[in-house]
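Notes for the one structure printed next.
Derivation of every value follows stated rules applied to the coordinates shown; laboratory data play no part. Just so you know, these numbers come straight off a predicted model, no measurement behind them. Positions of Cβ are backbone-derived with ideal geometry, glycine not excepted, and every protein chain shown enters the neighbour counts.
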Amino acid sequence: MRILVIGSGGREHALCWKLAQSPKAEKVYCAPGNVGIAKVAECLDININETDRLLQFAKENHINLTVVGPEAPLCDGLVDAFRKEGLIIFGPDKSSARLEGSKSFAKMFMMKHGIPTASSMAFTEAEPATHYLKDKFSVPCPGIVIKADGLAAGKGVILAYNLKDALNALDQCFGGSFGDAGRKVLIEELLIGEEASILALTDGNTIIPLATSQDHKRAGERDTGPNTGGMGAYSPAPVVTPDLFKEIDEKVLKRFLKGIQTDKLYYRGIIYAGVMVTAAGPKVLEFNVRFGDPETQAVLMRMKSDLADVMIKTAMGRLSEVILEWTDEPAVCVVMASGGYPEAYKKGFPISGLEDAEDEGAVVFHAGTALKDGKVVNNGGRVLGVTAKGADIKAAIDNAYKAVKEIYWLDCFFRNDIGRRALERK
Ligand code: AMP
Ligand code: GLY
């Protein structure tokens, strides 16, 4: 099988790493890939938004399976373009990708199909939204969530605990801080609880959950500081007890499958539900139409099944033939980031200790790295995802941090408490 992966982050490194292990994978390409990916796949000088060139490459090189990593090309209709040419591709089409690309579309989908979620209202004008907020805060209120409707690179969600902050958030959205994404705003009930990431494969006929995981969204220890793309992850997530897992399967995944069937949405890929475990049960915070980053790094470390086989069967509508197998050993991914991330940071510092870290038994997935004068340097906000397994969660955490300690560059930072919630549950 000849496989093309699209993307250049830690998630795509993990996908290429796992796909390349498949006996069925004759060759893995990645467009555009990164320095780490180049060790397991051939990287191409094609960007994720160059649909025509991606198509041309896939046709000329007899690609049997294309896998799309990030949401942007899915929302832009890459899957539609490939399908039109009869090519096999893993991911939802443009219409289905609205489940991530439009928060109001996702909300309507959830309401229509009985998927538990936070109550919310959509607004396209500031005045009624302001009235609504004033009304909400006129009685005791734990807080409110303001969301720009469209894709805002993970930044369009603001939690506000008082009226002043809520009105500020509204101003930001309608004032253009999130571009077109903020033309429409959702005001949502604030949910209280612990989050878990529920990823599942679906081909529109069958839905199969992957191992559970948990992200660490805030930049600072004990979940303080600004939101980021994710500072670390672990799998499994013990907050999802077997009973809760059953409930999520029934109320979220099965209803999701029925929903896409009823609404005739073409979907052959990953659905990722961000779930808040509240006192009133699980509620979906958001849908993503792709693998999570850094959850994928931890989850794929635990997968025993042949990912190439699983993905091609999903893309061909034969997911019912798949049985997923996992190791019981937990996995932990610690993200190492550039100083200042998620705000401004400096690039171009040489990174040392990459090999020593892997000698410790970890896998170092690259995200924001580049080569400069033959040396690997930091070139993005999230730079590396140092991932390790262990006999139990404590051992996995220790193994990951042992490897992290081998790596250094000027300004680098990471959270020291990845996996804390899982440890505290023990
Ligand atoms: P979203 O992009 O909708 O997942 O929002 C990003 C993050 O904001 C989530 O992972 C949560 O941490 C937080 N969040 C979003 N919606 C809510 C909500 N209704 N209540 C509490 N936290 C939320
Ligand atoms: N880890 C969060 C995300 O992938 O959206």
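Between Asn205 and Leu423, the modelled label-to-label distance comes to 4.6 nm, taking each label 7 Å out from Cα in the direction of the beta carbon.
Estimated from the Cβ-Cβ distance and a Förster radius of 45 angstrom, the FRET efficiency linking Glu325 and Tyr132 is about 0.40.
Inter-label distance, Asp180 to Thr224: 4.0 nm, where each label sits 7 Å from its Cα along the C-beta direction.
Let me know the shape class of the chain, please: from the alpha-carbon gyration tensor, a ≥ b ≥ c as square roots of the eigenvalues, rounded when a/c is under 1.5, otherwise prolate if a/b is greater than b/c, or oblate.
rounded
In this Cβ point-charge picture (+1 for Lys and Arg, -1 for Asp and Glu), the chain has a dipole of about 560 debye about its Cα centre. Dividing the helix sum by the residues of the chain, where each DSSP H run of 4 or more adds -39500 (n - 2.57), gives a mean residue ellipticity at 222 nm of -8500 deg cm²/dmol.
Exposure proxy for Met301, Met316, Met311: other Cβ atoms within 10 Å of each Cβ, ordered fewest to most, give Met316, Met301, Met311.
Exactly which trypsin sites (Lys or Arg not before Pro) in the range 1-51 are in a DSSP loop and have at most 16 other Cβ atoms within 10 Å?
Here the trypsin sites (Lys or Arg not before Pro) that fit, given the DSSP loop and packing criteria, are Lys24.
Using the Cβ-Cβ distance between Ala370 and Ala280 with R0 = 41 Å, the FRET efficiency computed as 1/(1 + (r/R0)^6) comes to roughly 0.30. When His113, His62 are sorted by how many other C-beta atoms sit within 10 angstrom of their C-beta, beginning with the fewest, the order is His62, His113. The alpha carbon centroids of the range 63-92 and the range 363-426 are separated by 31 Å.
About its Cα centre, the range 272-426 has a charge dipole of approximately 480 debye under the convention of +1 per Lys or Arg Cβ and -1 per Asp or Glu Cβ, with nothing else charged. Count Lys and Arg as plus one, Asp and Glu as minus one, and take only other residues whose Cβ is under 9 Å from that of Thr228; the net charge is then +3.
Listed cross-link partners Lys258/Lys313; Lys147/Lys426; Lys107/Lys258 are compared with a 25 Å cut-off, the Cα-Cα value being larger for Lys147/Lys426.
Place a point 7 Å from Cα of Glu85 in the direction of its Cβ. Which residues in the range 1-26 have their backbone N less than 13 Å from it? It comes to 4, nothing else. Label-to-label distance for Leu410 and Met316 is 5.3 nm, based on points extended 7 Å past Cα in the beta-carbon direction.
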